[in-house]
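Q: Structure incoming, see below.
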Amino acid sequence: MANKIFDTTEFAKVARQAVAEGVVLLKNEAKVLPLKEGTKVSIFGRSQFNYYKSGTGSGGMVNTRYVIGVYEAIEQDGSLEINSNLRNTYERWIEDNPFDAGAGWAAEPWFQKEMPVTKELALEARENSEVAIVLIGRTAGEDQDNSNAKGSYLLTDDEHQMLENVTKVFEKTIVLLNVGNIIDMKWVAKYNPSAVAYIWQGGQEGGNGVLDVLKGKVSPSGRLTDTIAYNIEDYPSTRNFGDSKRNIQQEDIYVGYRYFETFAKDRVMYPFGYGLSYTSFDIISNGFAVEDGQVKVSITVTNIGDYKGKEVVQVYVAKPQGKLGKPVLDLVGFAKTKELDADEHEILDIVFTNYQMASFDDSGVTGHKSAYVLEEGTYVFYVGDNIRNLSRIGTYNIGRTRVVEQLSEALAPKLDFTRIKPEAREDGFTISYEDVPKATEENYELPKCEALVAGDKSYKLVDVLDNKCTVDEFVAQLSNEELCAIVRGEGMSSPKVTPGCGGAFGGVTESLIEKGIPTCCCTDGPSGIRMDSGKKAFAMPNGTLLACMWNLDLTEELYQYEGLELRKNKIDVLLGPGMNLHRNPLNGRNFEYFSEDPFVTGKNAAAQLKGMHKIGVTGTIKHFAMNTQEAHRHTVEHVASERAIREIYLKGFEIAVKEAGATAVMTTYGSINGYYTSSNYDLVTKVLRDEWGFKGIVMTDWWAKGGKAECGDSTDMAAIVRAQNDLYMVTQCAEDNTNKDNLEEALEDGRLDKSQLQKCAKNICEFILHTPTFARFIERNNTLDIDLANEAEDDDTEFDNIIDCRIDESGSAKLQADLIKTARNSSNTVSISFKERGDYKLSMRVRSNAKSDLAQIPLSIFKDKELVKMVTLTGADREWQNVEVIFENCAMTFFMRLYFAQDGMEIDGMTISLAKSKEEEFRLMFARMGEQ
Ligand code: BGC
């Protein structure tokens, strides 16, 4: 990207390219794809009417200007001919079977009812067209896992019937999966369609990217970042998934291909790293060199087909089994070529480190407890285009077991359980079990130390920047009240920052602002910027799709645009990327996350951060750590070995911190080995800060709990601060302690030390020094040259319905609440006319009717175009509460707009009344003047 111009047209081009590169083609018999210009296609599947741009929940709530689904893209492009009879049949059926939005947060259906496709209908379509395109759509998300049920992981009966009838009569059927996550694929063998591709959820440009692949403008170069097995039961985590209390990770480090390649090769339908292209490539190793703890591999890739295209090259290592036991293969490097013409080649250099090849000894069996070790033996390197198509590069011998990094015990489990270990057999490995080493030490808490003391020297935060004082001296001035307030983030939709954003932090009270701490802004999320005010933003392709590109440069470029959009909206921190592992295909949030592999995960998160950092903003890596299921996410305890935690679950985060300098982390709702992550000192301080050198802020997830696993409590801020989780997100008013946390009380009774609070305050202040908000606040270097191009500023209000409200002499009018649409994305406009000028007041009652306590239900209230108030309920707000909004200085009819960004709010008792009459004000004023 040449200069910093926020141009949504350019943003869209990059996103479109990303979608095209993320499409994973699994089957392409008889080269049915790409389609020739003018091919007549019949498009089956109702997702042609409702393309899923993302999954659901906080990571999907981006208000977009447009969404181009697959149908729209084909139609607008015009180079393929669409069978309009079939489309008309669907349109008629859709009239009686409209989109079912479900009951709001966490209760959106996983799929939409499919139109039955009879043999006759398929035959009729076949008479009209050569090729069938079948679209299958799925969604899931926050608070709502997938399920091993028809309509979620499995196909519905209608979808089976559609595939059966279509594939019977069409020789050429292309199935496109518009899903957030891998699904059951057994139907491929049953119906044998000619082509099958995962097109994922591609954001607002999704359909366009897919079109480029269908037409052959782009040769598919997406590769799976997950292993697709035959059955959900084949994933070893399935039996320990979804429990409400405890999730024992018996499969240990054997997640995804680490399990399948070691123990169950025959259960794999599509291997990790797999994906087809329209061309073919020759991948040849030019050898490797080992120097300074690094292995450098050189590879020549030649396009030996007759189509231009890109190739993904993957490097794996097979480590010796040693005493620890190892997966048979680990991914240690990858790279993607540029677009190669036929016969063209490119040399790729891939470098990986000893540390990447090392394994963590949590028991001491190698003689080096709590260390990353390279066990003695032969390390074999392989290169290829997926884990099942590898050639040997060479071997490297380690004579004696070496310690690569000596650490100390952290996060070890306290419960007795066993874990998987490979046992060698003649023909491979079988599963054996061993006891998991238990914690020998208690989790520590942040040591109390001498509190920083200094009188009020009237330092402002800018003085730290100007080296007039240290951050210690600055923080030493903060009173106990200020320290308690600064660790409380406010939200959602705080009026102190960009409307509709997730959180405000830093200068959340007047006195903190007086000390020169501005109020910074953060908001969701992994699929683009979420502003519940209804403001539009760019909807990004989902995390899984982006990872399937295996193109980190493109991700970085895409996230520079995201960075510009953040700056434009005065947002310092994006609440993303999400980077938990796809431990099991049923996790509802897999769409936000990247892969079953920690290396792929870490590299993708790092690329997103690098892109945003170029623009001076950052992202929050979340959810730290082990958010591998949404069911019972507030209560479930993840029990795992220290080895699995370090080698698998934390590894991606470690890469993002060490390689991209991540400065913001969000902990999870759940707990790990006895402690809520928000209060887990080992996790948040010992590993993150002390071992990895993280410098930045750690925030809780929204309204999370703290404390020990058995007694989590969202008011236990003392436990959260003691772990050095700096920010509690979110409370309504930090100054009034609306969350009723225990900070003041704990300071008094000694459960919390002032020095511990000061440490968090320091982290927050140091972070703020580098934010755009701070630059604006001190009016220095705040002129990032962001030109806006091609964008209508902003926001085209959609008037769904205008409700008339006239206020007569009585000065008050009731509004029928049932006229107000409260469904997700509803915008209601009420025209308010009156006899008397003055301030008018809207009074009403609101409550949640959401199923989940963690639902986020925002309502934005505007006077004409001006946002006057935002109300955000959580799912747990089930009691009626009063809301009052004053519209000042109303001189003539105005439009009140109520915008609901999510389902789940009930409203009642709406009245608009005169609060202060202008005439009365004038009368009193003149009367006073007369008296003088
Ligand atoms: C989610 C987070 C999100 C936050 C703010 C939580 O429910 O788990 O990922 O960033 O809400 O919307």
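The values are calculated or read from the model by the stated rules, or taken from the named source; none is laboratory data. These figures come from a predicted structure and were not determined experimentally. FYI the Cβ positions are ideal-geometry reconstructions off the backbone, even for glycines, and counts take in every protein chain you see. For the accessible areas, the whole protein counts, side chains as well, though only heavy atoms, and no ligand, DNA or RNA atoms are used. Shrake-Rupley method; radii C 1.70, N 1.55, O 1.52, S 1.80 Å.
Q: Has segment 870-886 got at least one residue that is modelled with pLDDT under 90 and either buried (at least 16 other Cβ atoms within 10 Å of the Cβ) or more than 29 Å from the chain's Cα centre (by Cα) (or both)?
A: First, the residues of segment 870-886 that are modelled with pLDDT under 90: 870.
With the extra rule that they be either buried (at least 16 other Cβ atoms within 10 Å of the Cβ) or more than 29 Å from the chain's Cα centre (by Cα) (or both), the set shrinks to 870.
Yes, the conditions are met somewhere in segment 870-886.
Q: For segment 387-401, does any single residue satisfy the condition of being touching a strand residue (DSSP E or B) at 6+ places or on another chain (Cβ under 8 Å), modelled with pLDDT of 95 or more and over 30 Å from I284 (Cβ atoms)?
A: Scanning segment 387-401, I find at least one residue that is touching a strand residue (DSSP E or B) at 6+ places or on another chain (Cβ under 8 Å), modelled with pLDDT of 95 or more and over 30 Å from I284 (Cβ atoms), so the answer is yes.
Q: For segment 215-236, name all the residues that are among the polar types (S, T, N, Q) and either crowded, with 24+ Cβ neighbours inside 10 Å or in contact with a Lys or Arg (Cβ under 7 Å, 6 or more places away or on another chain) (or both).
A: Step one: of segment 215-236, the residues among the polar types (S, T, N, Q) are 219, 221, 225, 227, 231.
Those that are among the polar types (S, T, N, Q) and either crowded, with 24+ Cβ neighbours inside 10 Å or in contact with a Lys or Arg (Cβ under 7 Å, 6 or more places away or on another chain) (or both): S219, S221, T225, T227.
Q: Here is a follow-up. Filter segment 519-541 for residues that are more than 14 Å from the ligand (Cβ to nearest atom), open to solvent by less than 10 Å² (accessible area, probe 1.4 Å) and out of contact with any strand residue (DSSP E or B) (no Cβ under 6 Å at 6 or more places or on another chain) and give the result.
A: A537, F538, A539, M540, P541
Q: Here is a follow-up. Being part of a loop (DSSP other than H, G, I, E, B) and basic (K, R) is the filter; apply it to segment 336-371 and report the residue that is nearest to F417 (Cα to Cα).
A: The initial filter retains those residues of segment 336-371 that are part of a loop (DSSP other than H, G, I, E, B), namely 337-339, 341-344, 358, 362-370.
Still in the list and also basic (K, R): 338, 369.
Values: K338: 48, K369: 19 Å.
It comes out as K369.
Q: Another question about this same structure. Tell me whether segment 97-114 contains one or more residues that are more than 24 Å from G38 (Cβ to Cβ) and not in a loop (DSSP other than H, G, I, E, B). Break it down stepwise before answering.
A: Residues of segment 97-114 more than 24 Å from G38 (Cβ to Cβ): 97-114.
Add one more test, that the residue is not in a loop (DSSP other than H, G, I, E, B), and what stays is none.
For segment 97-114, residues more than 24 Å from G38 (Cβ to Cβ) and not in a loop (DSSP other than H, G, I, E, B): absent.
Q: Tally time: how many residues in segment 344-381 are under 32 Å from the mean Cα position of the chain (by Cα) and open to solvent by less than 50 Å² (accessible area, probe 1.4 Å)?
A: As a first pass, look at segment 344-381 and keep what is under 32 Å from the mean Cα position of the chain (by Cα): 348-362, 370-372.
Narrowing further to those that are open to solvent by less than 50 Å² (accessible area, probe 1.4 Å): 348, 350, 352-354, 357-362, 370-372.
Total meeting the criteria: 14.
Q: For segment 374-402, enumerate the residues that are farther than 19 Å from A289 by Cβ and either touching an Asp or Glu at 6+ places or on another chain (Cβ under 9 Å) or not in a strand (DSSP E or B) (or both). Steps first, answer last, please.
A: Applying the first criterion (farther than 19 Å from A289 by Cβ) to segment 374-402 yields 375-377, 384-390, 400-401.
Scanning segment 374-402 gives E375, E376, D385, I387, R388, R400, T401.
Q: Answer with yes or no whether A454 is in contact with an Asp or Glu (Cβ under 6 Å, 6 or more places away or on another chain) and in a loop (DSSP other than H, G, I, E, B). I'd like the intermediate steps shown before the answer.
A: Values: in contact with an Asp or Glu (Cβ under 6 Å, 6 or more places away or on another chain): yes; in a loop (DSSP other than H, G, I, E, B): yes.
Yes, satisfied.
Q: Something else now. So which of L512, L554, L566 ends up being away from the ligand (no atom under 16 Å from the Cβ), modelled with pLDDT of 95 or more and buried (at least 24 other Cβ atoms within 10 Å of the Cβ)?
A: Numbers: L554 fails: buried (at least 24 other Cβ atoms within 10 Å of the Cβ); L566 fails: away from the ligand (no atom under 16 Å from the Cβ).
Step by step, each of L512, L554, L566 is checked, and only L512 is away from the ligand (no atom under 16 Å from the Cβ), modelled with pLDDT of 95 or more and buried (at least 24 other Cβ atoms within 10 Å of the Cβ).
Q: Something else now. Any residue at all in segment 670-677 that is in contact with an Asp or Glu (Cβ under 9 Å, 6 or more places away or on another chain) and within 24 Å of Y355 (Cα to Cα)?
A: Initial filter on segment 670-677 (in contact with an Asp or Glu (Cβ under 9 Å, 6 or more places away or on another chain)): 670-677.
Right, trim to within 24 Å of Y355 (Cα to Cα) and you get none.
Within segment 670-677, none of the residues are in contact with an Asp or Glu (Cβ under 9 Å, 6 or more places away or on another chain) and within 24 Å of Y355 (Cα to Cα).
Q: Right, next: Being over 23 Å from K814 (Cα atoms) and not in a loop (DSSP other than H, G, I, E, B) is the filter here, so list the residues in segment 873-891 that pass it. If you could, list the steps in order and put the result at the bottom.
A: First, the residues of segment 873-891 that are over 23 Å from K814 (Cα atoms): 873-878.
L873, T874 - these are the residues of segment 873-891 that are over 23 Å from K814 (Cα atoms) and not in a loop (DSSP other than H, G, I, E, B).
Q: Which of the residues belonging to segment 51-67 are open to solvent by less than 20 Å² (accessible area, probe 1.4 Å) and either away from the ligand (no atom under 16 Å from the Cβ) or among the aliphatic types (A, V, I, L, M) (or both)?
A: Those that are open to solvent by less than 20 Å² (accessible area, probe 1.4 Å) and either away from the ligand (no atom under 16 Å from the Cβ) or among the aliphatic types (A, V, I, L, M) (or both): M61, V62.
Q: When only residues in segment 604-621 that are in a loop (DSSP other than H, G, I, E, B) and open to solvent by 10 Å² or more (accessible area, probe 1.4 Å) count, which is nearest to the ligand (Cβ to nearest atom)? Full working, then the answer.
A: Looking only at segment 604-621, we keep the residues that are in a loop (DSSP other than H, G, I, E, B), and these are 614-617, 620.
Then keep just the ones that are open to solvent by 10 Å² or more (accessible area, probe 1.4 Å); that gives 614, 616.
Numbers: K614: 23, G616: 21 Å.
Only one residue fits best here, namely G616.
Q: Next question, about the same structure. Considering each residue of segment 892-903, count those that are open to solvent by 60 Å² or more (accessible area, probe 1.4 Å) and part of a strand (DSSP E or B), and give that number. Walk me through it before giving the result.
A: Taking segment 892-903 first, the residues open to solvent by 60 Å² or more (accessible area, probe 1.4 Å) are 892-893, 895.
Subset that is part of a strand (DSSP E or B): 895.
Number satisfying all stated conditions: 1.
Q: Tell me the residue from A631, A664, A625 that is small (G, A, S), in contact with a Ser or Thr (Cβ under 8 Å, 6 or more places away or on another chain), farther than 16 Å from V684 by Cα and within 15 Å of the ligand (Cβ to nearest atom), please. Talk me through it step by step, then tell me what you get.
A: Details: A664 fails: farther than 16 Å from V684 by Cα; A625 fails: farther than 16 Å from V684 by Cα.
Being small (G, A, S), in contact with a Ser or Thr (Cβ under 8 Å, 6 or more places away or on another chain), farther than 16 Å from V684 by Cα and within 15 Å of the ligand (Cβ to nearest atom) holds for just one of A631, A664, A625, which is A631.
Q: Report yes if some residue within segment 646-654 is of a type in the set (A, V, I, L, M, F, W, C), touching a helix residue (DSSP H, G or I) at 6+ places or on another chain (Cβ under 9 Å) and at positive phi; otherwise report no. Give the derivation first.
A: First pass over segment 646-654, keeping only residues of a type in the set (A, V, I, L, M, F, W, C): 648, 650, 653.
Filter once more, so that each one left must be touching a helix residue (DSSP H, G or I) at 6+ places or on another chain (Cβ under 9 Å): 648, 650, 653.
From the residues that got through so far, the ones that are at positive phi too are none.
Checked against the condition, which is being of a type in the set (A, V, I, L, M, F, W, C), touching a helix residue (DSSP H, G or I) at 6+ places or on another chain (Cβ under 9 Å) and at positive phi, segment 646-654 yields no hits at all.
Q: Pick from segment 676-719 the residues that are within 16 Å of the ligand (Cβ to nearest atom) and part of a helix (DSSP H, G or I): which of them is surrounded by the fewest Cβ atoms within 10 Å (Cβ to Cβ)?
A: Keep residues of segment 676-719 that are within 16 Å of the ligand (Cβ to nearest atom), which gives 676-678, 697-706, 712, 714.
Keeping just the survivors that are part of a helix (DSSP H, G or I) gives 677-678.
Details: T677: 29, S678: 34.
That would be T677.
Q: Select from segment 582-603 the residues that are open to solvent by 10 Å² or more (accessible area, probe 1.4 Å) and under 21 Å from K658 (Cβ atoms) and write down the one among them that is nearest to the ligand (Cβ to nearest atom).
A: By that ranking, first place goes to K603.
Q: Does segment 459-470 contain any residue that is crowded, with 16+ Cβ neighbours inside 10 Å, more than 30 Å from L757 (Cβ to Cβ) and either in contact with a Gly (Cβ under 6 Å, 6 or more places away or on another chain) or touching a residue at least 40 places away in the same chain (Cβ under 8 Å) (or both)?
A: No, segment 459-470 has no match at all.
Q: Next question. Are any of the residues in segment 637-645 within 16 Å of the ligand (Cβ to nearest atom) and under 27 Å from W110 (Cα atoms)?
A: Residues of segment 637-645 within 16 Å of the ligand (Cβ to nearest atom): 638.
Okay, now just the ones that are also under 27 Å from W110 (Cα atoms), so 638.
Yes - at least one qualifying residue is present in segment 637-645.
Q: Is it true that some residue in segment 75-88 is part of a helix (DSSP H, G or I), more than 31 Å from the chain's Cα centre (by Cα) and crowded, with 20+ Cβ neighbours inside 10 Å?
A: yes
Q: Please specify each residue of segment 734-743 satisfying the condition of being more than 21 Å from C765 (Cβ to Cβ) and either open to solvent by less than 30 Å² (accessible area, probe 1.4 Å) or away from the ligand (no atom under 16 Å from the Cβ) (or both).
A: From segment 734-743, those more than 21 Å from C765 (Cβ to Cβ) are 736, 738-740, 742; that's our starting set.
Result: D736, T738, K740, N742.
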